[in-house]
Every structure is written in structure tokens, then in C-alpha cells.
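**Student:** Just passing along the structure, written as C-alpha cells.
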Amino acid sequence: MEILVQTLVSGVLIGGIYALIGIGMTLIMGVMKIINLAHGQLMMVAMYITFVLFEYFGLDPYFSLLVSMPALFLLGIFLQKYLLNPLLKVDSILPENQVLMTVGIGMVLTEIIRFIFRSDYRSVKTAYSATALYIGPISLNFPMVVAFGIALLLTAALFFFLLKTDLGKSVRATAQNADAAMIMGINAHWITVLTYGLGSGLVAAAGTLLLPIYYLFPDIGGPFTLKAFVITMLGGMGSTIGAILGGVVLGVAESLGATYISMALKDAVGLVIFLLVLIFLPGGLKTLTKV
Amino acid sequence: MRINRWVLLGIVLFFLAFPVLVPSDYYRHIFIIALMWVLIGSSWNLLAGFTGQVSFGHAIFFGTGAYTAGLCVTKLGISAWWGILLGGPVSTLVGLFIGWVCFRLRGPYFALATIAVGEIFRLVAIDWRSFTEGMEGILIIQTFRSKLPYYYLGVALAALCMFAIHRVVYSKWGYYFVAIREDQDAAESMGISAFRYKSLSLMISSFFTGLAGAFYMNYMAFIDPHVVFNLHDISIMAILVGIIGGVGTIWGPPVGAFIMVFLQETFRSSFFGLFPRWVSESHVLAFGLLVIFVIRYLANGVIGDWPKIRRLWTREKAYS
Amino acid sequence: MKRIATVCLALCMAAALSAGPTLAQDSIKVGIILPLTGGQAAFGEIEKNSFELALEEINAGGGVNGKRLYFIFEDDTGKPEVARSAAEKLITKDKVVMLGGGYGSSETFAIAGVAQQNEMPFLVNTGSADKITEQNWNYVFRLNPAVSEYPSALESFLTEVVKPKTAAILFEDSNFGSGGSKTFQETCNRLGIKVLLNEGYSKGGVDFKPLLVKVKQANPDLVYMISYIMDASLLMSQSRELRLSPKVFVGGAAGFTLPEFPKNAGKASEMVYSATLWYQTLPYPGAMAYYDKYVKKFNKDTEYHGAEAYAAAFVIADALKRTKSLTPKDVRDSLAATDMMTVFGPVKFISYDKKTNQNKLPTYLVQWIDGKLELVWPRNVATKPFVFPIDWEKTWK
């Protein structure tokens, strides 16, 4: 019994981090319908920013959030404006060019970081990195609990933003139908730029919160990008609540898979779920609710 | 771009004579790897460039072909050369299965699904140690000490592949593929069974990629799941070969294959020793920049946007 | 402008096809293949630095019979086909007299295959998969022990001191971990230790709790882990969080012996044992001197990989000094007759079990005590007495 409870708890906690990674992706995919294969790399850049702030300025990661999120927001805007948006006008046989551009961006980001920081593993060890809260025999890792809480806060904030503010509604309008939105006077061009920036800022939060628990190296991005997709599909593109649910479902499924099937196949569990969702429930969990 | 008969002959003669002209095992090796990528790139291009189904998981077929050849040795006790015959068909079967699962998905969703399946294959290959030897991999002894047999086999396979794809593209099937690429629903309404033709395209594509995998097993003599089911080094490389060369063209992928392989080696060896070490350390960076540049300005690849490149050249000349 | 570009391009290509480092006539070239970029670049760098440190000393001492020795380094980027390409370039283009290096097992295989086929002697100094020297390849020699032999010191420690009845084995599922776990399972069977859990994981995981909670439930006396540095740190720190307390935690070298381990795992690294191939306090001549020299020159720590490379350089120089001529066959024969002492230990290539041309070395057991790595077993070379039994609650407070 203890195994089951501990597994579920671990799964939910890591699900919070996953959800944060997924929220940015779901926004980008929902609005721009592009697969951002550089998502993990953006997170990686944010983690390096956090690392530098901690190592050289002694700034605690939770405060670094205030730096890494805006920094990535700006980076995202830059990338979208100068590299991705122009592709919409280029006439080519395959519409997948935007995706491949993100592959290129991801590669360049990784290599630039590698050039500066080398491939060595870096880590940020704070006083609370290894502390755990105990409920009976079940241990909960403190930074992960905090990350989960922040993930919920950010989701709520984003939800509010999209539903209640004008700008948020413009984003949703552009997501539903870019041409119609333009007719209604929305500058769709700027909305896409803003959205990519927003998505980047969110994944920066995920990275900053992940750093105390994990570690850092230039190639860290790839697997997380894949997880972000799984969550986006699971939850439904563009759905913030879906991202939280998707993250938690993925986290729990991976944990259960690790315990009861095999730790080595843990990632495969997520991928199989991904395929099943793609095939049988293409709209994601979102279609099961009305949000 | 229809190619002049004499140019074609020149190319063929060059490839046949190359190992004699340049008796260096080092360059022969690079050519062999490039020829292998001609196979992989062209087959990917058939599915993606001509039929519009962008696969991010071609490593599935490459790995299947490679393991088919490898398993011939470890499980059946026969020579890995049987893999050359079996690799293609086995990969085709896998392709059929993948198609059945994934073809109900369109565009980017299909791409994502292929990534997922590719990763699943890699993880299973690592974990199913009793079948695949896991990460210890499969090691055989190369049959020939000289590179020549492998080189000429590579040339033959590449030529066969290009010939086959050429015939397919300029046949009725080819038109159906392009129709599906341009507008699947319109094609369906014209009576073209999207599922059947996408599957056919995938079968041919996976056949040749599997063949390349079996060739790799025989030539490199060592494979493991990380090498042959690799997302970045195989699947994404296949896409880059196609994109840089030119999707939707026959000659694009071969050109792309040679550009990519040579570029990689040029950088890795710091321009063959001319430049200092840090140049070799930035070869992936150079790749990434190249990708960004090509997609931004030459979206149809070197061959596809050849008119654009020529215009650039001639316009300059007009002023000099 | 375009004309200039075309001319430049043509010149580059011409230079490329004819280029190669121009060295003095009176010099001997040896090719060393290491992962200088890619995931293992950190270790590739330690080895390259060590090779160069040794090279300086060799040439300062008169080189090889008066001729200057040169190491040509090639980057295998951690991929076997690139390793193969690098090996072929060294053999056919650079015309080296022998090959050295070999870090990752997959890459080492590829190089060994090329070396054997081209009848070029190859001295492996790190690649540890057993199979590398089990192919009956007479041109391939290995300085370091095979991964199956890593825990040999552990064996005597277990039978004499700990006497565990049950064990759990956790391993990262690449070549290094899979091979090591299989042989440790066999060792346990031989020693009469019941293996309750033998499970692999994909390296780079964030959360090992599902795996560790299973270990906790099984409650083994011994937990043996084969991991690279970051996984090792997370495994231990999460074990501490779960309050998992076997009689001993033992690591299978690699991640567990690096200074980054206590840095990342903090308190959780304390009292953890590990097998190791080398330690600077071992009574091999020059071991401590090598360590000090390296730290002084590069301002970083070194460990057994560096020692392997440093020793290999001297073995190469020694073989080349004794060889009748510089033809591959004579160099091979000279290498086969090696019988010398290095900072890594004695080097003599013998055949045993299924292996050929393998150097047989003892391994050691270390333990993290008060944040420092101490050699604890065998007793006669220990720098500090081992700590057992361990009060985990006190250690982890």
C-alpha cells in the first residue's frame, strides 16, 4: 500500500512541473498551430540564466523567476518575429517549415550554450533542495511541492488572462480563426509574437523551478519537449486546465509505469498514452469537459 | 528539373571511377556514408516531399532493417548479408503497421505520432535485452577488408533506389501521391483512396530505408539501439537531408545527402586540419545555422530553389 | 565578389584533399581517439589533458629513442560511426604507427574492429565492455579492467565484513550499466546473496522514487548501483528522502567516485561505498605525483580515467622504444611483450577466461567519510578504516 501511495504522490508532484512545461506549449500550439520543437531548449536557456544568477550573484531560484520569465519572454518574441513569422509568407511545398525552423533554433540555442558553458553538468543546491515533508511514511520533496503550487497559480493566472482580459480574448480569437480575428481588427501578427513570448516565459518558470531538484546540461531540452507534446495532446490544444490535468495524468502514469512495469520503460508509457490519445481522443481531455 | 542525359552519364561514371581516382579509405568511407544517406533521404522524400506525410520517425525503419540483419547473426546464425534481402521487406511490414496506426492523423499530428513511435521502438530495443542484446548491441566482423565491395554495393543500392523512385513518381501512383499531398480531401473526392496510396508510399519508403539499415549493419559491423533508433542522428538527419537538398524533387535528397555528410566531416575535422580545434566543436552549431538559413531563404532546398540560386549568381555577374 | 568566392571554395577543397599536419621527418605519430565533443566531452578532456601531460614528460626525457613522439587527437563525438571514420583517417591519411584511446564501449568496438582489420595495434585505455577483448583480436590490447571485474575488491569486503543475505541491483541501461549488472548478479549468485531486485533505468531521470520505494519495500541488506554522476547523486539524495536504509550502499565506480557526487548529493553521499579502479594514494610510483601535477596545471581534479590515459601514454612510448621497427606487426609484438609499472598499476597483457591481450588489475573499495573519498579496502592499502555498520539516521541528520 505504501508503494502505491508514494508512487501516486511522486507522480502528482512531478506532474506539476510537467504541467508548467506543457502550458507554454499548449498556448503556442493552440494559437499558432506550430509544433515548437525548441520548447525544451528554451527551458534550458532559462535554467542556465537561473544557474548563473545563483552561482555568481547568490540569487535564490525562486527570485530568479522574476528574471528568467521576462528574459525568455523577450527571447521568444525575438525568435517569433524574426525567424518564425516570416516563414508564413514563404511559398514552399511543405507546410512543416515552421517546425523545422524550430529544430534549427533548438540546435543553435543548445550549441551556443554549450560553447559558453561546456557540456559539464551543473547544479544548484539550495538549503531546501533535499528537504522532504513527511506524512506518515510518505515523503514529499519540498521544492516539488512549491513548484506544484506555483504551477497552479500560474495556470489560474493564465486562465484568468485568457478568459477575462481583452488581450487574452484576442489570443483566443486568433487561435480559433486568425483571418476572422484580423477582420475584427486584431493585429494577428502581434498576437502570434506575443503568444510565443508568453509560452516561452511559462516554460522558463518550469525550468527555474526544476533546477533545484534536477541538474543542468546543454542537451537537457529534448526529452522535455516530447513530454510537453504529450501533455498538450492529452489536455487538448489551447486548454490551460487541460495542461494541468494532462501534466498530472502523465506524471502519475509514468510513476505507476515505473513501479509496476519497469523503470526503464517509464518514458514509453507516456508515449503510448500519447499515441492512444492521438488516435482515439484527438481533442484531448478538453473535449470531455466544456472548458 | 529534368537532367541532361550526358550529365547523368558523367555522374554515373564519376561514381564508378571514384574509388580508383581517390585511393583513400578515408574518403571512400565518407562517400559510402553519403550514399547510404542518399537511400534514406530519397525514401523519406517520397513519403514527405511527394506524398506530403512528414515523418519524424524514419529511424524506425532504419533500425528495423539494421536489427533484421543483426538478428540474422545472433538469432538465426546466418550471415548478416541475408539482412540485405530481408531488411527491406521486414521494414515494409513495420511500415504497414505504422501506417495503419498513424495515417488517420494529418500533418503535424502525423509527425508527432511518428516521433512517439520512433522513441517507443528505441526504448523497447534497449529494454528487450533477450531479443536485441539491449545496449550491448550486436557486433559482427566485416566480411570484406577492402572498402570497394561496400562502396560499389552502396552505389548500386542508391542507384536502384533513385531509379525506383523516379519510376514511381512519374507514374500514375506518383500523381496520386502529389494529389494527396496537395489536398487530401479533394483527392479522396476524386476517388483516390488516400489510405491506400499513403500506405503504398510508406511501404516503398520504409523498404529502402530498411535496406539502408541492413547495409549499415553489414558495413559498420556494430549497432545498438541508441545508434540506429536515434531521433536526432537518423530521423531528423533524414529530414534535413531532404530539406536542404530539396523536398519534392528527385535529385534533392542525393545532393542534400552529400552536402550534409561532407559538411559534417569538414567541420568535425576542422576543415581537414586547416583550422583550430574549436571549429570542430562547433559543427552542430554550424548545422543549426545552416538549417535556419536554408529554411528561411531557400525553403525548397538547393535543388528546389536552384533557379533562385542561379538568379543570384547571374544577377551579380551582370554587374561585374 | 562571386568569382572570389568560387576561387576560395576551390582552394579550400584542394587544400582539404591534400592537407595533413606537416611534422618533422624525425617524429613518430600515434593516433588517439576520444570523445572531445558530445555528452562525454568532460571525460574526453580529462584524458586528453593527461595524455598531453605525459607526452611532455616523454619528449623531455628524449622521446622515443631520440625521436619526438606526437599524439594526433581525433574526436569520435561519442558515435561509433564517427569513431570508425576517425580511426580510418588516422590509419590511411595520417599514417600513424598505432592507435590509442577508446572511451565509450560502442566507439571502442568500432575502432577495435577497424584496427584489427587493418592490422594496426590499438591500446584501449577506458572502454570497459568485456566483449572488446573477447574477440580473439590479436591487434587489440586493453590496459584497464573490464567492467565485470570492477567489483572484485567488493567481493572480499562483502564476504569478510558485511555478509549480506539479500541485495538489490540498480543500473543505468546503457552498455556500461547493463554489462556491469549482469556480472554482479552472477557474483551474487556465486556468493550466495539473494538478488531481490535487479532493475535498469534510463539515465537522466528526474524522479527515482517509484524505483526506490520498491527497493525500500524489498528491504535488502545491500544496494548496488551502477550509475553515472548525476543519476548517482539523485538516487542517493532520494534514497535519503525516502529513508531507505540497507546495511550498505555501494556504487559501481563511475559517478560515485567523482568530487561532484558529494557536491550534488550533499549529506546523502556520506558513508556510501564504491568500487574504483584507481586512487591517487595507491602505492604505485608516481600516482600521487601525477595527481598533483594535473591539479596544478589544469586547476581541476582528475580521477581514474585520467590515470588510465596518463599510464597508456607511457605504455605506448615504452612499446615504441622496444620495437624492432615501426611496422605494425613489430609494434604489436612489442606491445604484447609489455611488462612495466605505471601510475595506474602494473601492465602486462595476458590471456585468461575468454579474454586475450588483457591487463589484469586488482580493484579497490572507497568510502565517502566526512565528505572525503577514502580508500578503505583492501586493509593494507587503506587510508582510513572503513565505517560499518552505519547508523543512517545519525549520518543523514
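**Student:** How tilted is helix C:229-242 with respect to the longest principal axis of chain C? Cα atoms for both, answer in degrees (0 to 90, nearest 10).
**Tutor:** In chain C, helix C:229-242 runs at an angle near 10 degrees to the longest axis.
**Student:** Here's something else I'd like to know. Using the basic label-point model (7 angstrom from Cα toward the beta carbon), what is the A:GLU2 to A:ILE112 distance in nanometres?
**Tutor:** Rounded to a tenth, the inter-label distance reads 5.0 nm.
**Student:** Now for a different question. About its Cα centre, how strong a charge dipole does the stretch A:2-289 have in debye, to the nearest 20, once Lys and Arg get +1 and Asp and Glu get -1 at the Cβ?
**Tutor:** Once rounded to the nearest 20, the dipole reads 320 debye.
**Student:** Charges on Cβ only, +1 for Lys and Arg, -1 for Asp and Glu, centred on the Cα centroid of the protein assembly as shown; of A:PHE280, C:VAL195, C:PHE249, which one is farthest towards the dipole's positive end?
**Tutor:** A:PHE280
**Student:** Among A:GLY247, C:GLY286, B:SER24, which residue has its Cα positioned farthest towards the positive end of the charge dipole of the protein assembly as shown, with +1 placed on the Cβ of Lys and Arg, -1 on the Cβ of Asp and Glu, and the dipole taken about the Cα centre?
**Tutor:** Result: B:SER24, furthest along the dipole toward the positive end.
**Student:** Given the pairs C:LYS360/C:LYS384; C:LYS321/C:LYS372; B:LYS75/C:LYS95; C:LYS263/C:LYS384; C:LYS29/C:LYS354; A:LYS169/B:LYS198, which span a C-alpha to C-alpha distance of over 29 angstrom in this model?
**Tutor:** C:LYS321/C:LYS372; B:LYS75/C:LYS95; C:LYS29/C:LYS354; A:LYS169/B:LYS198
**Student:** On to the next question. Based on other C-beta atoms within 10 Å, arrange B:HIS232, B:HIS29, A:HIS39 from fewest to most.
**Tutor:** If I rank by nearby Cβ atoms, fewest first, I get B:HIS232, B:HIS29, A:HIS39.
**Student:** Simple spin-label model, 7 Å along Cα-to-Cβ: B:LEU93 to B:TYR109 in nm?
**Tutor:** 3.0
**Student:** Can you list the residues, at least 5 places off or on another chain, whose amide H is less than 5 Å from the amide H of C:ASN198, using H built in the peptide plane?
**Tutor:** Those lying under 5 Å, H to H, from C:ASN198 are C:ILE169.
**Student:** Turning to a different aspect of this structure: Determine the relative contact order of chain A: mean sequence separation of Cα pairs under 8 Å and six or more apart, normalised by residue count, in whole percent.
**Tutor:** 39
**Student:** Can you tell me, using C-alpha contacts under 8 Å and at least 6 residues apart, the relative contact order of chain C as a whole percent?
**Tutor:** Normalised by residue count, the contact order of chain C is 16 percent.
**Student:** Dipole of the protein assembly as shown, Cα-centred, from +1 at each Lys and Arg C-beta and -1 at each Asp and Glu C-beta, to the nearest 20 debye?
**Tutor:** Magnitude of the dipole: close to 1520 debye.
**Student:** What span do the alpha-carbon atoms of chain C cover on each of the three principal axes, reported in whole Å from largest to smallest?
**Tutor:** Per principal axis, max minus min of the Cα coordinates gives 71, 55, 40 Å.
**Student:** Arranged by the count of other C-beta atoms within 10 angstrom, fewest first, what order do B:VAL38, B:VAL7 take?
**Tutor:** Ordered from fewest to most neighbouring Cβ atoms within 10 Å, B:VAL38, B:VAL7 come out as B:VAL7, B:VAL38.
**Student:** Then there's this: Once amide H atoms are built 1.01 Å from N in the peptide plane, which residues 5 or more positions from C:THR342, or in another chain, come under 5 Å H to H?
**Tutor:** Placed amide hydrogens put C:VAL347 under 5 Å from C:THR342.
**Student:** Please list, ordered by chain and number, the residues whose modelled amide H lies under 5 Å from the amide H of C:VAL124; skip anything fewer than 5 residues away on the same chain.
**Tutor:** Correct list: C:PHE141, C:ARG142, C:LEU143.
**Student:** From the Cα gyration tensor of the protein assembly as shown, with a ≥ b ≥ c the square roots of its eigenvalues, which class applies: rounded if a/c is under 1.5, or else prolate if a/b is larger than b/c, or else oblate?
**Tutor:** Taking the square roots of the gyration eigenvalues as a ≥ b ≥ c, the protein assembly as shown is oblate.
**Student:** Once you charge only the Cβ atoms, +1 for Lys and Arg and -1 for Asp and Glu, what is the size of the charge dipole of chain B about its Cα centre, to the nearest 20 debye?
**Tutor:** So the dipole magnitude of chain B works out to roughly 840 debye.
**Student:** Using a 10 Å cut-off around each Cβ of peptide B:20-27, what is the average number of partner chain Cβ atoms that fall inside?
**Tutor:** Mean shielding by partner chains, rounded to a whole number: 4.
**Student:** Any idea what angle helix C:304-322 forms with the longest principal axis of chain C, computed on alpha-carbon atoms, 0 to 90 degrees, nearest 10?
**Tutor:** The angle comes out at about 40 degrees.
**Student:** Apply the Karplus curve 6.51 cos²θ - 1.76 cosθ + 1.60, θ = phi - 60°, to the phi angles in the stretch A:30-46 and return the couplings in whole Hz, x for Gly and Pro.
**Tutor:** Karplus-based 3J(HN,Hα) across the stretch A:30-46 equals x, 7, 9, 6, 10, 8, 8, 6, 9, 4, x, 5, 5, 4, 4, 4, 4 Hz.
**Student:** Once label points are set 7 Å from the Cα along Cα→Cβ at both C:ALA337 and B:LYS172, what is their separation, rounded to one decimal in nm?
**Tutor:** Modelled inter-label distance: 7.7 nm.
**Student:** Rounding to the nearest 10 and keeping the result within 0 to 90°, find how far the Cα-based axis of helix C:41-60 lies from the longest principal axis of chain C.
**Tutor:** 60
**Student:** Between C:LYS348 and B:PHE144, what FRET efficiency follows from the Cβ-Cβ distance if R0 is 35 Å, with the result rounded to 0.05?
**Tutor:** E(calc), rounded to 0.05, equals 0.50.
**Student:** To continue, here is another question. Once phi is turned into θ = phi - 60°, what whole-Hz ³J(HN,Hα) does the Karplus curve with 6.51, -1.76 and 1.60 give for every residue of the stretch B:67-82, x standing for Gly and Pro?
**Tutor:** 5, 4, 5, x, 5, 3, 7, 6, 9, 9, x, 10, 5, 5, 5, 4
**Student:** Too long at a 32 Å Cα-Cα cut-off: which of C:LYS214/C:LYS397; C:LYS214/C:LYS300; A:LYS33/C:LYS79?
**Tutor:** Pairs exceeding 32 Å: C:LYS214/C:LYS300; A:LYS33/C:LYS79.
**Student:** Moving on to the next point. I want to verify a result. In a Gaussian network model of chain A, Cα cutoff 10 Å, which of these has the top mean-square fluctuation: A:GLY238, A:GLY257, A:GLY270?
**Tutor:** A:GLY257
**Student:** Starting with the fewest neighbours, write out A:ILE113, A:ILE150 ranked by other beta-carbon atoms found within 10 Å of each beta-carbon.
**Tutor:** Exposure proxy ranking, most exposed first: A:ILE150, A:ILE113.
**Student:** Restricting to bridges with both residues inside the protein assembly as shown, how much of the DSSP beta-bridge set is antiparallel, in percent to the nearest 5?
**Tutor:** Counting DSSP beta bridges with both partners in the protein assembly as shown, the antiparallel share is about 40 percent.
**Student:** Still on this structure: What lysines does C:LYS355 reach when the alpha-carbon gap must be under 18 Å and sequence neighbours fewer than 8 apart in one chain are set aside?
**Tutor:** C:LYS131, C:LYS182
**Student:** Mean separation of Cα pairs under 8 Å and 6+ residues apart, divided by the residue count of chain B: what relative contact order is that in percent?
**Tutor:** The normalised contact order for chain B reaches 30 percent.
**Student:** Using the charge dipole of the protein assembly as shown (Lys, Arg: +1 at Cβ; Asp, Glu: -1 at Cβ; taken about the Cα centre), state which of C:THR276, C:ASN357, B:ALA69 has its Cα farthest towards the positive end.
**Tutor:** B:ALA69
Bear in mind these aren't lab numbers, they're just calculated from the coordinates by the rules spelled out. Computed from a predicted model, the values in this text were never measured in an experiment. Reconstructed Cβ throughout: ideal geometry from the backbone, glycine too, with neighbour counts over all protein chains shown.
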